[in-house]
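The values are calculated or read from the model by the stated rules, or taken from the named source; none is laboratory data. Just so it is clear, the structure is predicted and the values come from calculations on it, not from any experiment. Glycine gets a Cβ as well: all are built from the backbone with ideal geometry, and neighbour counts include every protein chain shown.
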């Protein structure tokens, strides 16, 4: 009898302990049991929190009007160079041999294959594509000499911020002995640097500005090619914005409709505002009746939502993320930005 009472008492105690650990709240609302993991020692530093994910998303892409073509142009040593004030500049030394070597290499099959492959390992997709009619150079490429060793390349921020040049140029420098000094800015500023005599070649992406550069006598035809402008790779501009997409841009029938929706709703838009190829493309996408141009007066009535940053692509993407705004960018730079959790090297 005593043994039976003892067993019953033990059973009641076990059931009581189980009842204390049970909650009536739904399972998904329960906090994890604190006893499952030992508390860290007071002297240990707190674990570093993972970097916050980028909220900016690609909302619209692959519209025919968002094609983004890149072009190489060699600088003419006999061009009418000027300074920033428009005064003629003489005694400009242009490294034509170095520029030819770099253009010849960039258009070689090996370099074209590298450009086409860029991004696949890190992003699972191409960041740049080869133009179907891109010329391919199969001739000799001159090695560097003491006089031709340094090449000045003036280019747009997209090929710099995306990492393309950091991927391509070391292979050229190792094989042929050159050092390529890269100056990156918006296409307008990149072209201006060449007009001031501060570049041997340019790599840009704004056809209208390139054609003016050629017409003004600043370009030359490189041996092995038929024209001053050598277009060889392309990608697409993309319209990006906050994941919430308050303008409903992703659901629009065209990118121009998306821009109209942003303007109508007065949602924050970050413009490069720097005369770059991206800025030039953006201006062509706004409804004509808004009258937005490169001139500050043209968007004076829209400053509550239209932000003209006068900055590079990477910096503008950071602004768009911080301000939850919309932005037009090249896809390569955006994917690099997102993969780096909102950082641009």
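Below, the figures for the structure above:
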| quantity | calculated |
| --- | --- |
| Test: residue 238 is farther than 20 Å from residue 66 by Cβ, in contact with a helix residue (DSSP H, G or I) (Cβ under 8 Å, 6 or more places away or on another chain) and assigned to a strand (DSSP E or B) | no |
| Test: residue in the range 80-100 that is under 15 Å from residue 233 (Cα atoms) and within 27 Å of the chain's Cα centre (by Cα) | no |
| Qualifying residue in the range 280-290 (condition: farther than 22 Å from residue 55 by Cα, exposed (fewer than 14 other Cβ atoms within 10 Å of the Cβ) and in contact (Cβ under 8 Å) with a residue 24 or more places away in the chain) | yes |
| Conditions (1) within 22 Å of the chain's Cα centre (by Cα); (2) at pLDDT 95 or above; (3) outside any helix (DSSP H, G or I); number of the one not met by residue 184 | (2) |
| Any hit, the range 218-227, residues being within 15 Å of residue 57 (Cβ to Cβ) and either in contact with a strand residue (DSSP E or B) (Cβ under 8 Å, 6 or more places away or on another chain) or touching a residue at least 24 places away in the same chain (Cβ under 8 Å) (or both) | no |
| Residues being in contact with a helix residue (DSSP H, G or I) (Cβ under 8 Å, 6 or more places away or on another chain), surrounded by 15 or more Cβ atoms within 10 Å (Cβ to Cβ), modelled with pLDDT of 95 or more and outside any strand (DSSP E or B) - total across the range 196-224 | 7 |
| Set 328, 335: member being at pLDDT 95 or above and either crowded, with 16+ Cβ neighbours inside 10 Å or farther than 18 Å from residue 53 by Cα (or both) | 328 |
| Entirely in the range 245-345, the helices (runs of 4 or more DSSP H) that have 2 or more residues that are closer than 15 Å to residue 186 by Cα | 277-283, 313-323 |
| Failed condition for residue 316, given (1) out of contact with any helix residue (DSSP H, G or I) (no Cβ under 9 Å at 6 or more places or on another chain); (2) closer than 25 Å to residue 193 by Cβ | (1) |
| Residue ranges of helices (runs of 4 or more DSSP H) in the range 52-137 with at least 2 members closer than 18 Å to residue 194 by Cα and modelled with pLDDT of 90 or more | 96-106 |
| Conditions (1) in contact with a helix residue (DSSP H, G or I) (Cβ under 9 Å, 6 or more places away or on another chain); (2) without any contact (Cβ under 8 Å) to a residue 60 or more places away in the chain; (3) over 30 Å from residue 334 (Cα atoms); (4) surrounded by 14 or more Cβ atoms within 10 Å (Cβ to Cβ): number failed by residue 138 | (4) |
| Pairs, first closer than 19 Å to residue 242 by Cα in the range 54-75, second in a loop (DSSP other than H, G, I, E, B), C-beta under 6 Å, six or more apart | 54/342; 55/243; 57/243; 59/245 |
| Boolean, residue 320 is touching a strand residue (DSSP E or B) at 6+ places or on another chain (Cβ under 8 Å), under 24 Å from residue 67 (Cβ atoms), surrounded by 20 or more Cβ atoms within 10 Å (Cβ to Cβ) and modelled with pLDDT of 90 or more | yes |
| Residues being surrounded by fewer than 20 Cβ atoms within 10 Å (Cβ to Cβ) and in a strand (DSSP E or B) - total across the range 144-179 | 2 |
